[in-house]
Structure formats: C-alpha cells, structure tokens
1. When VAL253 is evaluated against the numbered criteria (1) at pLDDT 95 or above; (2) crowded, with 17+ Cβ neighbours inside 10 Å; (3) farther than 30 Å from LYS74 by Cβ; (4) not polar (S, T, N, Q), which criterion, by number, is the only one it fails?
2. Scan the range 32-51 and tell me whether some residue there is over 27 Å from SER170 (Cα atoms), in contact with a strand residue (DSSP E or B) (Cβ under 6 Å, 6 or more places away or on another chain), aliphatic (A, V, I, L, M) and more than 16 Å from the ligand (Cβ to nearest atom).
3. Among the residues of the range 207-219, write down those that are within 9 Å of the ligand (Cβ to nearest atom) and not in a loop (DSSP other than H, G, I, E, B).
4. For ILE138, work out the one condition from (1) touching a strand residue (DSSP E or B) at 6+ places or on another chain (Cβ under 9 Å); (2) away from the ligand (no atom under 16 Å from the Cβ) it doesn't fulfil.
5. Kindly indicate whether GLY142 is assigned to a loop (DSSP other than H, G, I, E, B) and farther than 24 Å from GLY67 by Cα.
6. Could you give every pair whose Cβ atoms fall below 6 Å, whose first residue belongs to the range 199-217 and is under 15 Å from ASN135 (Cα atoms), and whose second residue is in a helix (DSSP H, G or I), counting only separations of at least 6 or pairs across chains?
7. Report the residue count in the range 118-135 for those that are closer than 18 Å to HIS250 by Cα, part of a strand (DSSP E or B) and either more than 16 Å from the ligand (Cβ to nearest atom) or in contact with a helix residue (DSSP H, G or I) (Cβ under 9 Å, 6 or more places away or on another chain) (or both).
8. Going through the range 97-109 one residue at a time, which ones are assigned to a loop (DSSP other than H, G, I, E, B) and within 14 Å of the chain's Cα centre (by Cα)?
Amino acid sequence: MIHFDEYWAKAGETARYLGEHDMSPVDVVIQCGSGMAALAEHVIPDSQSLRLEQLPHFPYSVVKGHGNEAVVGKVGELKVLFFTGRIHLYEGFDALTVGFPAAVAKSAGAKVFIATSAAGGLNQHYHVGDLMIHNSFINFQGDNPLLHLEVSDYKQRFIDPKPPYDPYASRALSSYVTQVEVDVRQGVYIGVKGPMFETMAELAMLRALGGDAVGMSSIPEIIMCHFLKLPVVGATIVSNECFREELVTHDKVLEIGKKSVPALASGIRAFLEDRYWWHKLERRR
Ligand code: HPA
C-alpha cells in the first residue's frame, strides 16, 4: 500500500525530470504494445529520447520485444510522448506499478493517453492485423491499481465503472486508421495476467464472458487513467486468431506487432494532425 499523495509525488518527480530534458509538458501520450516500439520513430522522425531506466521511479521491462525509451516530438501543433514499451503483471509487478506511466502522463500535462497493445482475437470475425478500438474491458487479471492505493477519502476508490474511453478520440483514431486500409473493429478487451497463453477451454470461457480480444496488458494503465480523469483510448492489434491457429508464440505476436507499425503509424499521424477531436476533448474538460 502506498498513499496516493506519495504515488502522485513520484509521478511528479518523473514528469519534472522529463521537463528538465525538454520532454514535458506534453499533449498526448502513446504507449507502444508488443513489437510496436518503432511506432515512435515512424510517427515522429524528429524526436528526442531518454531510456526509461533513466527516469526516476519509472518501471521498465526486460521482456524481449518491448522498447525501453521515452520519445518526444511534435506532430502538427501537438507535443507527443511515446513510451516505447511497458511492464506487465506477468513480470511480477503489481497493477499500481504497471499503471504508473498513466500517472506520469497526467502529471506531464497529457490530455489523452493512448494504450496500444497486441492481443488474440476471440471474435470469429476478427483477423490478424485488424485494429480493435476498445469500447469496454473485462478485468480478468486478478489485480487492480486501486487495491494498492491508500486514499484519504475511502469513497475515492469506488470509481464509477463507466468505461473511461474518450469517444471523440476513439472515433477519430478509428476513422484515420480505416483510411490506411486497416480493418478497424470496436470491441471488448479482456485482460488476463499471463504469461501462459490460454488453453482452448479458457479461450471458450473468455469468449463466452464477452471478450472480443484477449491480452495481458493495458487494463492497469486504463484504470489509472480513469482514476485520474485522464481520457484514454485503447487500441489493440489482433496478432493471432485464437480459435483458428494451432500455436501462438511470443515471437509471432512480436512479428505481427512489427508488421502493423507502418500503417498504424500513418493512421496515428493523420489522427494527431486533425484538430477536431482535440477541440472536442478540450471543450469537454
Ligand atoms: N492471449 C493472450 N495474450 C495475447 C495473445 C493471446 O492469444 N496474443 C497476444 N497477446
């Protein structure tokens, strides 16, 4: 357990360190999923970066295929910060630690957090390479950042379950990614802890529970965004079709993540250049 004030102060120190390197304040934070670290260089060729382990308090991953940098640059008028990798519950971290990048994003002034990831398609209509924009999530991870957070007013913990996804940003990202010939879906992300991929029996259960795609990430960050009232978009590349393939491997997930980068990056660039969703989002605040 850590008190929110202490957690928030740590996020502030991380954001201040970014600021000392001219990498904060920012407008948008994008977190890269498995194999997708190169999104940062595709979206912002003129950038500056720091290694995540240089950032005070910032948790970083040693899992193959996850980037390890904070990268900042401008797209149009927006200053965009990428975290090219993330940590996972399956590495032994708790959900509060996994959610820390969202707190840093909020502290660095971000108005929206975009959590990208790779996941297995449970919905039979989904194909490898599709992008699923989250319209809700099911937390099947057995952990929640708020379990580890002490708050002065206990009511703060019982946050309303309305999904935190920002409708304007989600819709805009969806339409720009559609324009670069990626099939975009809207669906439910069901999060598991991993690291083992699911048995057929588990997959059948996860589908029956209402999941459209199953992954091992994102939910802690999304809950932290919700807690901090930071609008969020969940964007998941389908890396495998759970009921169609015999074997899913981490390498295959990384390969599809990598392949998705050029198209996804041009969709994201066009999205960031569009001011409409941004004004809507700002006006709603
Ligand atoms: N299951 C869980 N996590 C995943 C999968 C999967 O099939 N593919 C990519 N991440």
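1. The one condition VAL253 does not meet is (1).
2. For the range 32-51, residues over 27 Å from SER170 (Cα atoms), in contact with a strand residue (DSSP E or B) (Cβ under 6 Å, 6 or more places away or on another chain), aliphatic (A, V, I, L, M) and more than 16 Å from the ligand (Cβ to nearest atom): present.
3. Across the range 207-219, the qualifying residues are ALA213, VAL214, GLY215.
4. Failing condition for ILE138: (2).
5. Judged against the criteria, GLY142 is a match.
6. VAL214/LEU206
7. Qualifying residue count for the region: 3.
8. Matches in the range 97-109: GLY99 only.
The values are calculated or read from the model by the stated rules, or taken from the named source; none is laboratory data. Computed from a prediction, not measured in an experiment: that's the story for all the values here. Positions of Cβ are backbone-derived with ideal geometry, glycine not excepted, and every protein chain shown enters the neighbour counts.
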